[in-house]
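The values are calculated or read from the model by the stated rules, or taken from the named source; none is laboratory data. Here the structure is a predicted model, which means the values were calculated and not measured. FYI the Cβ positions are ideal-geometry reconstructions off the backbone, even for glycines, and counts take in every protein chain you see.
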Amino acid sequence: MDYSPENQKKYFQFAYQTGSDIWTHIPYYSKALSFLPELEKDSLVLDIGGGRGLWALHLLEQGYRVLGIDYIPSIVDKVNERIRGEGLTERARFVVGDAKEIPFVDEGFDLVTDIGTMQHIEAKDWDRYVQEVYRVLKKDGFYLNVSYSRKTDQFLGWKPKNSATGDFNKFGVYYHFFTEDEIKEIFGKKFEITKQDFQIYESKSDPEDKIVLVFSIMKKKQS
């Protein structure tokens, strides 16, 4: 199946329903949590592309309040149902939204997190995405990005490490594997990268896969 926005959305809708999405099975949580800045209790966090809400639960355990967005209405409904069932409605809520047009006001969040969403956004929309993250962050806000790294040796039979572009299509889904220089170039005008590191993980996507993730925490620059 060739990539298209429609095919990609169908893929994620099925993957979320079945728990077969790749991120559910990558134990990135402790590494990602170690990258979070010191924020006051009850700080407001936006989780972009929150999926099944698993990362949002970790944020709640840190004492933050969380708003999540995802563009699959059925998964948003399921996450909100779980939030209600656990008595967390005063601290968390998910809404249907697009990362390229975030449905919240300017400068409303202390922290924005993106665990594996930007890598599925086409390069032509990266600037728009960065502008939106910048817009919704407070003046002293932070942004955490966790994405696939081009240091990855193999992914679904493909060799990201040997790719000149980092672009890959599979099962109707677009992937981009980032280099450090790309991340600096994409975010450099709006954000200062304060810490960056890499971690290798086994993946259930294919027995031979070993995915490298790049973790980047950034601070919003003053305009």
note = Checked the stretch 180-214 for anything touching a His at 6+ places or on another chain (Cβ under 8 Å) and at pLDDT 95 or above; matches are none
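A quick yes/no check of all residues on (1) part of a helix (DSSP H, G or I); (2) modelled with pLDDT under 95; (3) under 13 Å from the mean Cα position of the chain (by Cα); (4) on the phi > 0 side of the Ramachandran plot:
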{"site": "D42", "(1), (2), (3), (4)": "no, no, no, yes"}
{"site": "L57", "(1), (2), (3), (4)": "yes, no, no, no"}
{"site": "L60", "(1), (2), (3), (4)": "yes, no, no, no"}
{"site": "G68", "(1), (2), (3), (4)": "no, no, yes, no"}
{"site": "V76", "(1), (2), (3), (4)": "yes, no, no, no"}
{"site": "V79", "(1), (2), (3), (4)": "yes, no, no, no"}
{"site": "I83", "(1), (2), (3), (4)": "yes, no, no, no"}
inquiry  = Looking at the stretch 103-121, I want the residues that are farther than 21 Å from Y174 by Cβ and among the charged types (D, E, K, R) and have a partner that is in a helix (DSSP H, G or I) and modelled with pLDDT of 95 or more with Cβ atoms under 8 Å, at least 6 apart or on another chain. Which pairs are those?
reply    = D106/R135; D106/V136; E107/R135; E107/V136
ask   = Going by the structure shown, is R84 basic (K, R) and touching a residue at least 12 places away in the same chain (Cβ under 8 Å)?
value = no
inquiry  = With the structure loaded, tell me whether G68 is of a type in the set (G, A, S), over 19 Å from P5 (Cβ atoms) and surrounded by fewer than 22 Cβ atoms within 10 Å (Cβ to Cβ) or whether it fails that test.
reply    = no
query = So, of the residues in the stretch 113-166 that are part of a strand (DSSP E or B) and of a type in the set (S, T, Y), which turns out to be farthest from H25 (Cα to Cα)?
reply = Y143
ask   = Does any residue of the stretch 95-112 turn out to be more than 17 Å from the chain's Cα centre (by Cα), on the phi > 0 side of the Ramachandran plot, of a type outside the set (G, A, S) and in a loop (DSSP other than H, G, I, E, B)?
value = yes
task = Would you check which residues across the stretch 167-197 are closer than 15 Å to Y148 by Cα, part of a strand (DSSP E or B) and among the acidic types (D, E) and list them?
result = D167, D197
request  = Determine which member of the set K31, K100, K41, K124 is among the basic types (K, R) and in contact (Cβ under 8 Å) with a residue 40 or more places away in the chain.
outcome  = K31
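In the stretch 14-28, which residue that is of a type in the set (F, W, Y) and in contact (Cβ under 8 Å) with a residue 24 or more places away in the chain is surrounded by the most Cβ atoms within 10 Å (Cβ to Cβ)?
Taking the candidates together, the pick is Y16.
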Residue that is in contact with a Gly (Cβ under 9 Å, 6 or more places away or on another chain) and buried (at least 17 other Cβ atoms within 10 Å of the Cβ), where the choices are V112, V95 = V112
